[in-house]
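Colleague: First, the structure itself, so that you have it in front of you.
What follows draws every value from the coordinates through simple rules; no lab data is involved. From a predicted model like this one, the values you see are computed outputs, not experimental measurements. Note that each Cβ is placed from the backbone with ideal geometry, even for glycine, and that neighbours are counted across all protein chains shown.
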Amino acid sequence: MSSLWYFTEEEKMLAESVRAFAEDQLAPKIEHLDEIEGFNLEAFKKLGEMGLLGITVREEDGGAGMGAVAATIAMEEMAAVDASTTLSYLAHTILCVNQIGTNGSKEQKLKYLPKLISGEHIGGMGMSEPGAGSDALGMLTRAEKQTNGAYKINGSKSWITNGPNGDIFYVYAKTGPTKKDLSTFIMDKSMHGFTTGKKFKKMGMRASPTGELWFSDVMVPEANRVGAEGASVKAMMKNLDIERLTISGISLGIARNCIEVATQYSKDRKQFNIPIGAFQQIQERLAEATAWYEACRALTYQAAKTWDLGLMQGKEASMMAAKAKLQSAQMATQVGLDAIQILGGYGYTREFPVERQMRDAKLIEIGAGTNEILRVIIARQMLGSDVADALQD
Ligand SMILES: Cc1cc2nc3c(=O)[nH]c(=O)nc-3n(C[C@H](O)[C@H](O)[C@H](O)COP(=O)(O)OP(=O)(O)OC[C@H]3O[C@@H](n4cnc5c(N)ncnc54)[C@H](O)[C@@H]3O)c2cc1C
């Protein structure tokens, strides 16, 4: 697929180098890792060597100094081959590293970013809990301030990408009585009382380890609190916005490869002595798939560009990111299903990647805000909460 007209030379070069990396480092391993639910640690280290683990962090803090467009390009190129490793990359780079780079103090950046950006440490983010997913502010994990200034943290987190294999986590906890009394802490898995629970067995994204984090009287120094106590809600929402933009890149990559595979197959496969691409019902699926993909691609990169230029703020920016993810996620699942249908019996087997890619695509309709929650965000912005939330009043 062609580059969009406004990609810079730097962004085009990035796309080429990530594409080469994906073919070289991800393609040979993904089928096996999907089978055994493993993790491509070597590729992760290589991403560190390439300078991609701190893609959005400022150069003076050791990052690549690029933005949401660049990060989305990296996601799209990697996910066209292996969406699982890309999801782990996103949790590390956007949910942990970008957050420390954006909100961390000078000392926190100096302490944590070098090893995260080199790939020596793997990062993740802990927001969701067993009883608090869509209602993230309903979380129960608590951080109690001690007389020496440290915080004692108790609680648990669920479905955490890189939970089983990560080292450093950007964790949200309550520090007061109301839903909005939210604070953030950088937690190191070596801290006493910090353990990991089970690694989940999953339908897709099987080469991206997902698990639970458990905190039992974990003493976290005050120096590890990010920002002021009780002031994390806004930063958490902003992180969800960039997560939604960049995770849309994963949907785009999955869809792009499914379209390429299905198009080639439609030329090669003959039934009734003609290529199946001659059948109009096959043409309809291909044409709809590529048109929807291009529409989502334009929307996603426009939203990412808008983010980079700072043209939208607050709820307006959130609505833009929600629109991009809502459409891209649904599009990729549908395109995956269409590709399987076009490939017929072969599509349903693991002879071709589309079966795996459809399973991976489904996650994006759930993680980082379900389709339903994104529709709520968009409708609230369109109607105003007086109307949109009237049923709940
Ligand atoms: C593979 C994977 C990786 C993940 N990685 C991370 C991670 O790294 N860090 C992290 O913090 N979290 C992570 N998550 C958690 C993810 O963000 C949550 O699963 C997601 O937010 C949905 O929450 P839930 O699963 O509790 O579903 P629920 O909130 O229980 O939702 C169940 C259903 O109810 C619907 N629903 C809920 N509220 C409403 C409403 N107001 N209106 C209409 N419908 C509604 C939902 O859309 C859904 O269909 C991950 C999840 C998965 C599966």
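Colleague: Please give me the summed charge of the neighbours of D338: other residues whose Cβ is under 11 Å from its Cβ, Lys and Arg +1, Asp and Glu -1.
Modeller: -1
Colleague: Only Cα pairs under 8 Å and at least 6 apart count here; give the relative contact order of the chain as a rounded whole percent.
Modeller: Value for the chain: 16 percent.
Colleague: Which one, P275, P114, P221, has the greatest fluctuation when you compute a Gaussian network model over the chain with C-alpha springs under 10 angstrom?
Modeller: Most flexible of the set in this elastic network: P275.
Colleague: So, R0 is 35 Å and r is the distance between the beta-carbons of D268 and I36; what FRET efficiency does that work out to, to 0.05?
Modeller: Efficiency, rounded to the nearest 0.05: 0.70.
Colleague: Once the Cα gyration tensor of the stretch 124-226 is found, what semi-axes does its equivalent ellipsoid get, as square roots of 5 times the eigenvalues, in whole Å, sorted largest first?
Modeller: The three semi-axes for the stretch 124-226 are 23, 16, 10 Å.
Colleague: How far, in degrees from 0 to 90, does helix 9-21 lean away from the longest principal axis of the Cα atoms of the chain, to the nearest 10?
Modeller: Between the helix axis and the principal axis of the chain, the angle is about 80 degrees.
Colleague: Moving to a separate point now. Note down the nm distance, to one decimal, between modelled labels 7 Å out along Cα→Cβ at H192 and at E59.
Modeller: Going by the 7 Å Cα→Cβ label model, 4.5 nm.
Colleague: On a 0 to 90 degree scale, rounded to 10, what angle separates helix 27-36 from the longest Cα axis of the chain?
Modeller: Compared with the principal axis, the helix lies near 70 degrees.
Colleague: Run the numbers for M237 and K315: contour at 0.36 nm per residue of separation, minus the present Cα-Cα distance, in nm.
Modeller: The M237-K315 span can extend by a further 27.1 nm.
Colleague: Please work out whether the stretch 233-392 counts as rounded, prolate or oblate from its C-alpha gyration tensor, where a ≥ b ≥ c are the square roots of the eigenvalues and a/c under 1.5 means rounded, while otherwise a/b larger than b/c means prolate and anything else oblate?
Modeller: Values: a/c = 2.59, a/b = 2.43, b/c = 1.07.
In terms of gyration-tensor shape, prolate.
Colleague: Right, another one. Using each residue's phi in the stretch 347-358, evaluate 6.51 cos²θ - 1.76 cosθ + 1.60 at θ = phi - 60° and report the 3J(HN,Hα) Karplus result to the nearest Hz, with x for Gly and Pro.
Modeller: x, 7, 9, 9, 5, 10, x, 5, 5, 5, 5, 5
Colleague: Another question, if that's okay. Tell me the net charge near A368. Cut-off is 11 Å between Cβ atoms, A368 excluded, with +1 for each Lys or Arg and -1 for each Asp or Glu.
Modeller: Its environment carries a net charge of -1.
Colleague: Another question about this same structure. List the GluC sites (Glu not before Pro) in the stretch 324-378 that DSSP assigns to loop (not H, G, I, E or B) and whose Cβ has at most 13 other Cβ atoms within 10 Å. Which are they?
Modeller: E351
Colleague: Where a Cα-Cα gap under 22 Å defines reach, which lysines qualify for K29, not counting those fewer than 8 residues away within the same chain?
Modeller: Reachable lysines: K45, K46, K199, K201, K202, K362.
Colleague: Using the alpha-carbon atoms, what tilt in degrees (0 to 90, nearest 10) does helix 106-118 show relative to the longest principal axis of the chain?
Modeller: So the inclination is approximately 30 degrees.
Colleague: All other residues with a Cβ under 12 Å from the Cβ of V261 taken together, and with Lys, Arg as +1 and Asp, Glu as -1, what is their net charge?
Modeller: Details: positive: R256, K267, R269, R356; negative: E260, D268, D338, E351, E355.
Cβ neighbours under 12 Å give a net charge of -1.
Colleague: Taking springs between alpha-carbon atoms closer than 10 angstrom, which of L311, L90, L26 fluctuates most in the Gaussian network model of the chain?
Modeller: In this elastic network of the chain, the residue with the biggest mean-square fluctuation among L311, L90, L26 is L311.
Colleague: From the gyration tensor of the Cα coordinates in the chain, what semi-axes in whole Å does the equivalent ellipsoid have, largest first, with each one equal to sqrt(5λ)?
Modeller: Equivalent-ellipsoid dimensions as semi-axes: 36, 23, 20 Å.
Colleague: What ratio of Cα Rg to 2.2 N^0.38 Å holds for the stretch 195-250?
Modeller: Taking N as the residue count of the stretch 195-250, the ratio is 1.54.
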